[in-house]
Amino acid sequence: MQKHVIDAFKELKVIFVMIFIVYLFFQILNMTIIGSNSAISQGIELWVYSMDIIDFLSPLFLTAPFVWGLYYKKKSRFLEYISVRMNFKKYLCTQIMTIVMSVFTLVFLVNFISILLAIFIIPFDIDTDPSIFQIPFLPFAYRTDSILVFSVGASLWKAVVASVLVFSASVLALTARNLFIVLFGVFAYVIVENILTASIGFDEYSIATSNILGRLNDEYYTIFNMFVGPIMLLIVTFIWVAIYLKRERS
């Protein structure tokens, strides 16, 4: 088992490093631009406001690069070859677990580093009273004015949401026949879900809201609301798997 995990990590190391560099670069670039032309009261505000466009695109660039290889393993019948040499279910679980762990680690590190850079390194003009901006609420931790606690908590939470996204994308890679669906399926789901929840007035239940801290007022960020979006995606994923297995058996 340990050997399979190590081998899986080796397969992902180049993708991990590339996405890490690009992800961090665009966070720094976005914070630098916003810091130079916006009224910012403190470093943590700079990070929160610079994340909107990046978080919008994250369901795409945090999933597609990591799961396309899994799709081609299935398409090339490599998985059939594996099934006669080792425990097939264990192999698939190892592959998915490794992808999820890689994305979790990547997102946590990039966001934690970005927050520290926003606080201590990225320049910005203090044009407003620092007391005006309040640190976004993290109900799964507690209300805190500690920058360090917020930095760790926010980074961990974004890593959790990213893990859910890439888990669903991994399932698509093993069940969908179309590469376009594999690469863009989760991204499309997030967009459609966001539009639907906004149109019926339930923005607080969207997975986009769960991922974008500070998108809504603090009273909308409860433990229940923040978990609804990710859990709904997992439910949709399991329903998809159930339909797929039923079709395969028929």
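The values are calculated or read from the model by the stated rules, or taken from the named source; none is laboratory data. Here the structure is a predicted model, which means the values were calculated and not measured. All Cβ positions, even for glycine, are placed from backbone atoms using ideal geometry, and neighbour counts span all protein chains on display. Only protein heavy atoms, including side chains, enter the accessible area calculation; ligands, DNA and RNA are left aside. Shrake-Rupley method; radii C 1.70, N 1.55, O 1.52, S 1.80 Å.
Taking region 192-234 as the range and being of a type in the set (Phe, Trp, Tyr) and open to solvent by less than 40 Å² (accessible area, probe 1.4 Å) as the test, only Tyr221 passes. Filtering region 90-146 to residues that are aromatic (Phe, Trp, Tyr), modelled with pLDDT under 65 and open to solvent by 40 Å² or more (accessible area, probe 1.4 Å) leaves Phe137, Phe140, Tyr142.
Screening Ile33, Ile19, Ile28 for residues that are surrounded by 20 or more Cβ atoms within 10 Å (Cβ to Cβ) and β-branched (Val, Ile, Thr) leaves exactly one candidate, Ile19.
Take region 72-89 and flag every residue that is among the β-branched types (Val, Ile, Thr) and open to solvent by less than 30 Å² (accessible area, probe 1.4 Å). Passing the criteria: only Ile82. Quick check on Thr237: is it open to solvent by less than 80 Å² (accessible area, probe 1.4 Å), touching a residue at least 12 places away in the same chain (Cβ under 8 Å) and more than 21 Å from Ile54 (Cα to Cα)? Yes, satisfied. Pairs linking a residue in region 170-181 that is surrounded by 15 or more Cβ atoms within 10 Å (Cβ to Cβ) to a residue that is at pLDDT 95 or above and small (Gly, Ala, Ser), with Cβ atoms under 9 Å and 6 or more positions apart or on different chains, are Leu172/Gly185; Ala176/Gly185; Ile181/Ala188.
Give me the residue from region 34-70 that is part of a helix (DSSP H, G or I) and touching a Pro at 6+ places or on another chain (Cβ under 7 Å) and, out of that set, nearest to Phe180 (Cα to Cα). Among those residues, the one meeting the criterion is Val48.
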